[in-house]
Amino acid sequence: MKVEVRVVPKARIEQITPDLVGGFKIWVRPEPKEGKANIRVTEILAKHFSVSKSRVKLISGYKSRTKIFEIDL
């Protein structure tokens with residue numbers, strides 16, 4: 001399953017909400033440096049879909065706020 005995610009780094013509160021196009025908007029605390037925000041988004045998606053972190057893979061958007069993840073359910 002592929003999921004489009006819009007990431008908001010350096011947020012005060014971490015949360016995940018569905019957006020209007022079928023993806024998610026995720027607020028994370030880490031800065032977008034050295035992949036820290038991407039790692040946290042992976043952890044949040046894994047928890048949301050009740051899968052292990054190894055089943056969530058970043059496909060595109062490594063340096064962009066809009067990312068596509070593949071989740072093996």
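Structure above, values below:
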quantity	calculated
Karplus-derived 3J(HN,Hα), 6.51/-1.76/1.60, for each residue of the range 30-37, Hz, glycine and proline x	x, 6, x, 10, 6, x, 5, 5
Computed label-point distance, nm, for sites Lys25 and Lys57 using a 7 Å Cα→Cβ extension	3.0 nm
Gyration tensor verdict on the chain (Cα atoms; rounded if a/c is under 1.5, prolate if a/b is larger than b/c, oblate otherwise)	rounded
Potential lengthening between Ser50 and Ile71 on full extension [0.36 nm per residue; Cα-Cα distance subtracted]	6.5 nm
From phi via Karplus (6.51, -1.76, 1.60), per-residue ³J(HN,Hα) for the range 39-48 in Hz, x at Gly/Pro	5, 5, 4, 4, 5, 5, 5, 4, 5, 4
Bridge type composition, the chain - antiparallel percent by DSSP, nearest 5	75 percent
Neighbourhood charge, 14 Å Cβ-Cβ cut-off, centred on Leu20 and excluding it, Lys, Arg +1 and Asp, Glu -1	0
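Readers should treat all values here as calculations from the given coordinates under stated rules, not as data from a laboratory. As the structure is a computational prediction, the values presented were derived from the model and not from experiment. Counting neighbours? That spans all protein chains shown, and the Cβs are built from the backbone with ideal geometry, glycine included.
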